[in-house]
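Remarks on the structure that follows.
Please treat every number below as a calculation from the coordinates, not as lab data. No experiment lies behind these values; they were computed from the predicted model shown. Cβ coordinates were reconstructed from backbone atoms using ideal geometry, including for glycine residues, and neighbour counts include every protein chain displayed.
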Amino acid sequence: MSQAVSLIRSADLSDVAQYAYAATAPAEARLIFLADACPLDLDGSVVGVGDYVAQAGKAMENLRIALKAAGAQLDDVVNTRVLVASSR
């Protein structure tokens, strides 16, 4: 899969942070739909209970594994979110 993601930045929005409010992929791109990334270990247990940095790291690791299985990598992602568990 090629790196087809194009970030869109508007001169009418702040340029203080390296942030793009929008992104596109070409019409002919293959779409891969990912479940929300969760900090679960192979046995289904939550990694890093109470440690949000560890949870985010595990969620990203799981996302990379799922992308690899689909023939993609992080550079091919247009949008995602990472969920962490809390005591609430």
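If you take the alpha carbon radius of gyration of the chain and divide it by 2.2 N^0.38 Å, what ratio comes out, to two decimals? Write down the numbers at each step before the final one.
Details: Rg = 15.6 Å, N = 88, 2.2 N^0.38 = 12.1 Å.
Relative to the 2.2 N^0.38 Å estimate, the chain comes out at 1.29.
For each of R81, R30, count neighbouring Cβ atoms within 10 Å of the residue's Cβ, then give the residues from fewest to most.
R81, R30
If I fit a long axis through the Cα atoms of helix 52-69 and take the longest principal axis of the Cα atoms of the chain, what angle between them do I get, 0 to 90°, rounded to 10?
60 degrees
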